[in-house]
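Report on the structure given below.
The values are calculated or read from the model by the stated rules, or taken from the named source; none is laboratory data. All values reported here derive from a predicted model rather than from experimental measurement. Glycine also receives a Cβ, built like all others from the backbone with ideal geometry; neighbour counts cover every protein chain displayed.
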Amino acid sequence: MSASKTLLITGVSSGFGRALAQEALAAGHRVVGTVRNEQARREFEALAAGEAVGRLLDVTDFEAIDGVVAEIEANVGPVDVLVNNAGYGHEGVLEESPLAEMRRQFDVNVFGAVATIKAVLPHMRRRRRGHILNITSMGGHITLPGIAYYCGSKFALEGISEALGKEVKPLGIAVTAVAPGSFRTDWAGRSMVRTPRSIADYDELFAPIREGRQQKSGKQLGDPVKAARAMLQVIDSDSPPAHLLLGSDALGLVRQQISDLTAEIDRWEKTTRSTDG
């Protein structure tokens, strides 16, 4: 285990954020966790007096983020690792799902993450060190019908992470996009926003998907504690990956996606090359 670090983790009340915070504290790191209310802050700080530090923050309150990060830097200490974990899943057929729900999905999953990155980067850049972990999803690599807005947000965060990593690598800062498969978190349970059904044409395709997801909630293959330990391994690495998949389901589905994409590129290669001038 490397020297103790200070981690800033957004959304530590449940799921991956809570599991990672607990494992990081157990490994001797200090964790500053963002929560949405005072009771959650007290519960988080009770995990480890002095080492678990709670801060109230809604990641969609973009104007507040710089001030919160500056206060943490001044009063808690330099942020060595930022973990953008705050996020949620939206489920709904695209035609049925209001644009307002897409905007909210991107505000939390993309804009909130980027705003937090922009707040910590000046400090990391000045120190010429730091590590940013963006929790994306296998839904940032593969897609399923009925989660178009969610996949869109996670594809966006994957792309932003990769490009950002190229920008900040020369400055001593690493960026890793962590893409979990199906884990036993609240993602498909109370955390998920579901658009009501309204168009019967989609029933045959989507009804079994929605029902299956609800039935599997809480029984998924992945263990959040093991995911947290994998993330700590990445944080401790001298050469962390730009992308890390978590879970054998994610591995299988993403490998299949790459294989299918390669086959399609090959099939249409002649057309692709025909456009050269």
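Among residues belonging to segment 147-186 that are out of contact with any Ser or Thr (no Cβ under 8 Å at 6 or more places or on another chain) and modelled with pLDDT under 95, point out the one that is nearest to Arg255 (Cα to Cα).
Per the criteria, the residue is Ser182.
Can you go through Ser248, Ser237 and tell me which one is hydroxyl-bearing (Ser, Thr, Tyr), within 30 Å of Gly172 (Cβ to Cβ), modelled with pLDDT of 95 or more and surrounded by 11 or more Cβ atoms within 10 Å (Cβ to Cβ)?
After applying the criteria, what remains is Ser237.
For a quick check of your reading of the model, give me the residue pairs whose first member lies in segment 51-69 and is more than 16 Å from Leu82 (Cα to Cα) and modelled with pLDDT under 95, whose second is of a type outside the set (Val, Ile, Thr) and surrounded by fewer than 18 Cβ atoms within 10 Å (Cβ to Cβ), with beta-carbon atoms closer than 9 Å and at least 6 apart or on different chains.
none
Hey, any hits in segment 119-133 for a residue that's of a type in the set (A, V, I, L, M), touching an Asp or Glu at 6+ places or on another chain (Cβ under 7 Å), more than 30 Å from Asp260 (Cα to Cα) and surrounded by 20 or more Cβ atoms within 10 Å (Cβ to Cβ)?
Scanning segment 119-133, I find at least one residue that is of a type in the set (A, V, I, L, M), touching an Asp or Glu at 6+ places or on another chain (Cβ under 7 Å), more than 30 Å from Asp260 (Cα to Cα) and surrounded by 20 or more Cβ atoms within 10 Å (Cβ to Cβ), so the answer is yes.
If you take the residues of segment 134-147 that are in a strand (DSSP E or B) and hydrophobic (A, V, I, L, M, F, W, C), which of them is surrounded by the fewest Cβ atoms within 10 Å (Cβ to Cβ)?
Ile147
Where in segment 178-277 are there helices (runs of 4 or more DSSP H), lying wholly inside it, with at least 3 residues that are in contact (Cβ under 8 Å) with a residue 12 or more places away in the chain? Show your work before the answer.
Values: elements: 203-216, 224-236, 248-267, 269-273.
Result: 203-216, 224-236, 248-267.
Residues that are of a type in the set (Phe, Trp, Tyr), over 21 Å from the mean Cα position of the chain (by Cα) and on the phi < 0 side of the Ramachandran plot: which helices (runs of 4 or more DSSP H) entirely in segment 1-100 hold 2 or more of them?
Qualifying helices (runs of 4 or more DSSP H): none found.
Name the residues in segment 119-131 that are in contact (Cβ under 8 Å) with a residue 40 or more places away in the chain and not β-branched (Val, Ile, Thr), would you?
The answer is Ala119, Leu121, His123, Met124, Arg125, Arg127, Arg128, Arg129, Gly130, His131.
From Gly159, Gly152, grab the single residue that is under 12 Å from Val110 (Cα atoms), free of Cβ contacts under 8 Å to residues at least 12 places away in the same chain and surrounded by fewer than 23 Cβ atoms within 10 Å (Cβ to Cβ).
Working: Gly152 fails: free of Cβ contacts under 8 Å to residues at least 12 places away in the same chain.
From the options Gly159, Gly152, the qualifying one is Gly159.
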